[in-house]
Amino acid sequence: MTKLFPAFSRLIQLPLKYAGQAFWTVSDALIYPILLLIATPFFISHLGVEDFGYWMLINSVIAGLGVLNFGMSESVIKFVSEFSREDQRDTQIHLVNSITALQNRLSIVILGVFILSGIVVLPFVLTGTGEAPVWVTLGVMTLIIFLLRLYEQLFVAIYKGIERYEMASKWTIASKLSQLIVQMVALTFHADLVWIFSFALGAAGFFVIAEWKKLKKDYPRFHLMSWSVDQESMKKVLGFSLWSWGQSISGIIASQADRYIVAAVGGIQTFTFYSIGQMVASQFHSLFSSAVTWIFPKISRKSANQEGMELAYRKLQAWVVGAGLAGLLIFYWLSEWLIALWLPADVYANSLVYVHLFIVYAGFSITSIIPFYFMNGAGLVKLNTLSGLSGIALSAVTMPIGYWIAGPSGFVYGRYLVPLLIGSVTRTVLHQRLFNISNWYSGTTLLAPSVFFAVVILLNDPVLKMVSALLIPVVFYFSYLLPLNGASRKAVSVHE
């Protein structure tokens, strides 16, 4: 097999080589949400439904404030990996300290803005409630926990930049779980929001201090209390971080905007069933995306050192798309049984169609995971951001049109155009910029296996389903493995 299809041997080696890094990044993404889901009944039973809702709301606010990170942690990962050679160490440390100085300044600004906003707004909002001191205290705690998380992200980004993802993930998992556990312990003594968030604040502060001490031990030249930034460093950092920040904002908008469109146009009942399908698809996408986050610093280093990147790109694309489509296909065959176990009977019947439609969407969008990281790693963050914003604009137009043509299912059909059109164009531009591939269809051919996968799910004819399923590995070979062989030969000829 490996002699006949040499790309298979290269493909098999990839997950084995990076299994450790993938394990830690996936664990970081999945462990906390799973344990939070398990702990939810405990919180509800101790806090009550109303206070649990406030608890969730405060945690959502802390997470939502993450949009104010201005792309600093992503900048750390990029520049630490980009200037990783021994002769570049001074530049690396200087840029990290410059980013830390910018973070310190931004933290002061954020703190000042929130304090002034609180002084102006809170008297009007809380007049006559009798609970003003409680909410002021919770607001201050929320802000401090958020600022501590900004610094924690900055610290673990340094370890990610030097490709020590196991260290970064261990710190992040331990920090999240400690905050969850101490709140559960606190609840056993006293059911009060201020009480349990004071424990969360203490745990967050403890881990930030511990992470800083560990970082200082490993990298003595790193300075947390940096304040000075020269103009050249500021220009270099902000040139990447602001576009990265815009990308984060567009990602948040993209993950929420479609929900508002569905709720406004289709009604709340349609939105309920739609959101269930979307949740399933987003979990699959997050699983495979988190499994390859470790490639970001590697691509930054390869790009800075002008190393050949096409071979790495082809390997990763083939692995993610191949494994992703296989996983989605297995889930599709088991979906009726799994969804019936998960949902009540009256919700099951209406939700299953959206689950299937979103499985198709996941099959299309999985082709854009590796290009996303390659664009960021190679410094094409502007292209990445513009691609995301274009997708939002296109969805805002095509989703209502899809509803008008096909009814509620049309919302999802309208979303298909984003990975099919915007994704294809973005991949083609990426291929031109990084690999000097000039043909206009190079980004579109990577969708071929996903198209046959979509036929398996969307059509009812069992013969066509079977034929399409059998053709998926054939078109996968021509779309992914043949280009992988070509990239391998090209890399060998360059070295020779």
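Here are some notes:
- Selection count, region 314-355, where residues are under 21 Å from PHE288 (Cβ atoms) and among the charged types (D, E, K, R): 2
- Meets criteria (more than 18 Å from LEU30 (Cα to Cα) and open to solvent by less than 30 Å² (accessible area, probe 1.4 Å)) for LEU148: no
- Residues located in region 22-55, provided they are loosely packed, with under 14 Cβ neighbours inside 10 Å and among the β-branched types (Val, Ile, Thr): ILE34, ILE38, THR40, VAL49
- The lone exception for VAL451 - which of (1) within 29 Å of SER275 (Cα to Cα); (2) open to solvent by 20 Å² or more (accessible area, probe 1.4 Å); (3) touching a Pro at 6+ places or on another chain (Cβ under 8 Å); (4) among the β-branched types (Val, Ile, Thr) it fails: (3)
- Counted residues, region 99-128 - those being farther than 18 Å from LYS160 by Cβ and modelled with pLDDT of 80 or more: 12
- Within region 55-78, the set of residues being over 14 Å from SER300 (Cβ atoms), touching a residue at least 40 places away in the same chain (Cβ under 8 Å) and among the hydrophobic types (A, V, I, L, M, F, W, C) comprises TRP55, ILE58, VAL61, ILE62, LEU65, VAL67, LEU68, PHE70, MET72.
- In region 227-266, the residues that are closer than 21 Å to VAL109 by Cβ and either among the acidic types (Asp, Glu) or not in a helix (DSSP H, G or I) (or both): TRP227, SER228, VAL229, ASP230
- Flag for GLN231 being surrounded by fewer than 15 Cβ atoms within 10 Å (Cβ to Cβ), at negative phi and polar (S, T, N, Q): yes
- The set of residues from region 181-228 being surrounded by fewer than 17 Cβ atoms within 10 Å (Cβ to Cβ), closer than 27 Å to MET56 by Cβ and of a type in the set (A, V, I, L, M, F, W, C) comprises ILE181, MET184, VAL185, PHE189, ALA191, VAL194, TRP195, PHE206.
- Applying the condition of being out of contact with any helix residue (DSSP H, G or I) (no Cβ under 8 Å at 6 or more places or on another chain) and under 19 Å from PHE476 (Cβ atoms) to region 305-362 and asking which residue is least open to solvent (accessible area, probe 1.4 Å) yields ALA326.
- LYS170 vs. criteria in a helix (DSSP H, G or I), more than 22 Å from ILE196 (Cα to Cα), at pLDDT 85 or above and within 21 Å of the chain's Cα centre (by Cα): yes
- Residue list for region 380-412, restricted to those being without any contact (Cβ under 8 Å) to a residue 40 or more places away in the chain, open to solvent by 30 Å² or more (accessible area, probe 1.4 Å) and among the β-branched types (Val, Ile, Thr): VAL397, ILE401, ILE405
- Residue check for GLY388: small (Gly, Ala, Ser) and over 22 Å from the mean Cα position of the chain (by Cα): no
- Checking VAL456, VAL463 one by one, the residue that is out of contact with any Lys or Arg (no Cβ under 8 Å at 6 or more places or on another chain) and at negative phi is VAL463 and no other.
The values are calculated or read from the model by the stated rules, or taken from the named source; none is laboratory data. Since this is a predicted model, take the numbers as computed values, not measurements. Glycine gets a Cβ as well: all are built from the backbone with ideal geometry, and neighbour counts include every protein chain shown. The area values use the complete protein model at the heavy-atom level, side chains included, leaving out ligands, DNA and RNA. Shrake-Rupley method; radii C 1.70, N 1.55, O 1.52, S 1.80 Å.
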